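Undergrad: Can you keep this structure in mind? I'll have questions shortly.
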Amino acid sequence: MSQTYQASPPSPQVPGLLQMTVAKSFLTVVICTVALLIVCAIFAPSSISLGALAGSLPFAAVIAIVGLGQLLVVQQGGFDLSLAGAVSLAVVTSTHEAHQDNAQLLYAVSLAVSFALAAGVVNGILVAFFRLNAIIATIGMNALLYGGVFAICGGTPSITTDLLAEIANGETFGLPHSVYFALLALLVVSFILKKTVPGRRFEAIGANPLAARAVGLRVRLHQMMAYVYAQLLYCLAGVLIGGITREPTAFQGDTLLLPSVAVVVLGGTSLLGGRGYPISTVIAAFFLNQLSQFALSVGVPYSAQTIIQALALGFGIGVYSMKWSVNAITQSKLPKTEEKK
């Protein structure tokens, strides 16, 4: 009798669906990137020349790093709007506090990291423990961070140190150092999320916080740490910008907020939280940066870049919303199939 009422376990079918989703998210962004490169080769060959790529890859690397930071927050169902202030504060701290002295660079970078940790902890406490809306909390933090920017530099730029310029903007084996930093960030984030127990718990909490709390996971701590890790990645991006741009402005982070969300969406991560795809996010960063280079090559004014990024964001939302709808229909039909059997 016990065998008569035993239901077939759905677990063998669910992993197949998850694997199909992962493959589609990766395949979608790869196909889009290859298609864009073909279009560039036909209509704007100068945008994929060695010189153009050498000049644009450092900024693609920066977008990839801030995208990875935003990814961690989005996985927990939130948004980090303090990104702009965090990047800008890291830029001015690493340049102004070094006073163009290589010997002071370590102190300046350490100070930038301290600010990032403090901002991440405060963001995390406000959102995870005080249950404040993530958008409101991070907007307030963004204002505080920009207050720090003006306190340090007064709104005036400073020339970076030679050492930071060499670390961030030098080349090894023909690739800018910033690309290696982006790849290192990708490896660390991917390993932690996909190969460690805390990383898998992190994704499980993002997918279903209530279920995770019911099984005893420390939901609020993981949610708080998402903001801390994100701030550290923003800090890395800001320090790199301080070396890539010889005389960076005090508002370098303003142009990175929308791209950070766009690459997360293009990479296949749901805005409702859950599993994230770091490698797809990094490829999407290259795609978005190359799309901007193509637009500039064909005569689109720089002022229209925000529109292009918004269109890319809308495209990603549309594509993956359609995909999730198909998966939902497929899952809804599974029980009926079992009943017929």
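The values are calculated or read from the model by the stated rules, or taken from the named source; none is laboratory data. Since the model is a prediction, treat every value here as computed from it, not as a measurement. A quick note on method: Cβ atoms are made from the backbone with ideal geometry, for glycine too, and the neighbour counts reach across all protein chains shown. Calculation scope for accessible area: heavy atoms of the full protein, side chains included, ligands and nucleic acids excluded. Shrake-Rupley method; radii C 1.70, N 1.55, O 1.52, S 1.80 Å.
Undergrad: As a test of reading the structure, rank 291, 311 by solvent-accessible area (1.4 Å probe, protein chains only), most first.
TA: Reading off the accessible areas and sorting them downward yields 311, 291.
Undergrad: Can you tell me the dipole magnitude for the chain around its Cα centre, using point charges on the Cβ only (Lys, Arg +1; Asp, Glu -1), in Debye to the nearest 20?
TA: Dipole of the chain, to the nearest 20 debye: 1640 debye.
Undergrad: According to a simple spin-label model (label point 7 Å from Cα along Cα-to-Cβ), what is the distance in nm between residue 217 and residue 139?
TA: 3.0
Undergrad: Which value, in Å², gives the accessible area per residue of the chain when a 1.4 Å probe is used on the protein heavy atoms?
TA: 48
Undergrad: Using a 1.4 Å probe on the protein heavy atoms, what percent of the accessible area of the stretch 267-318 belongs to carbon and sulfur?
TA: 74
Undergrad: How big is Rg to Rh over the stretch 171-218, alpha-carbon atoms, Rh as the Kirkwood inverse-mean-distance radius?
TA: Rounded to two decimals, Rg/Rh equals 1.28.
Undergrad: Here is a follow-up. Which three lengths, in whole Å and largest first, does the stretch 231-293 cover when its Cα atoms are put on their principal axes?
TA: Extents along the principal axes: 38, 27, 18 Å.
Undergrad: For the stretch 95-210, what log10 I(q)/I(0) values come out of the Debye formula at q = 0.12, 0.17, 0.23 1/Å, with one point per alpha carbon and no solvent?
TA: The Cα Debye sum returns log10 ratios of -0.69, -1.12, -1.23.
Undergrad: With a 1.4 Å probe and every protein chain left in place, tell me how much accessible area residue 135 has, in Å² to the nearest 10.
TA: Rounded to the nearest 10, that gives 70 Å².
Undergrad: Taking all pairs of distinct Cα atoms, average 1/r, flip it, and tell me the Kirkwood hydrodynamic radius of the chain in Å to one decimal place.
TA: Across the chain, the inverse of the average 1/r is 21.1 Å.
Undergrad: In whole Å, how far is the Cα centre of the stretch 108-135 from that of the stretch 187-263?
TA: What the calculation gives is 12 Å, centre to centre.
Undergrad: So what is the calculated 222 nm ellipticity per residue for the chain, using -39500 (n - 2.57) for each DSSP H run with n of 4 or more, over all residues, to the nearest 500 deg cm²/dmol?
TA: Helix-only estimate at 222 nm: -24500 deg cm²/dmol.
Undergrad: Sorted by packing (mean other beta-carbon atoms within 10 Å per residue), highest first, where do 44-51, 183-190 land?
TA: By packing density, highest mean first, the sequence is 183-190, 44-51.
Undergrad: Let me ask you something else. Please report, ordered by residue number, every helix of the chain (full DSSP H runs) that is 27 Å or longer along its axis going by C-alpha atoms and whose mean Kyte-Doolittle hydropathy reaches 1.0.
TA: Correct list, ordered by number: 13-43, 50-75, 105-124, 134-153, 219-244, 278-297.
Undergrad: Once neighbouring chains are kept in place and the probe is 1.4 Å, which whole percent of the accessible area of the stretch 85-231 is contributed by carbon and sulfur?
TA: Taking all protein chains in place, the stretch 85-231 shows 68 percent carbon and sulfur surface.
Undergrad: Suppose we take every Cα in the stretch 153-310 and form the convex hull; what volume per residue is that in Å³?
TA: It comes to 144 Å³ per residue, whole-number rounded.
Undergrad: Treat each spin label as a single point 7 Å out from the Cα along the C-beta direction, and report the residue 246 to residue 41 distance in nm.
TA: If labels sit at residue 246 and residue 41, their model points lie 3.5 nm apart.
Undergrad: Can you compute the radius of gyration and Dmax for the stretch 29-153, using only the Cα atoms, both in Å?
TA: In Å, with Rg to one decimal and Dmax whole: 18.5, 54.
Undergrad: Note the per residue figure in Å³ for the convex hull of the C-alpha positions in the stretch 50-123.
TA: 108
Undergrad: Would you calculate the separation in nanometres between label points at residue 150 and residue 34, each defined as 7 Å from the Cα along the Cα-to-beta-carbon direction?
TA: The answer from the label model is 5.1 nm.
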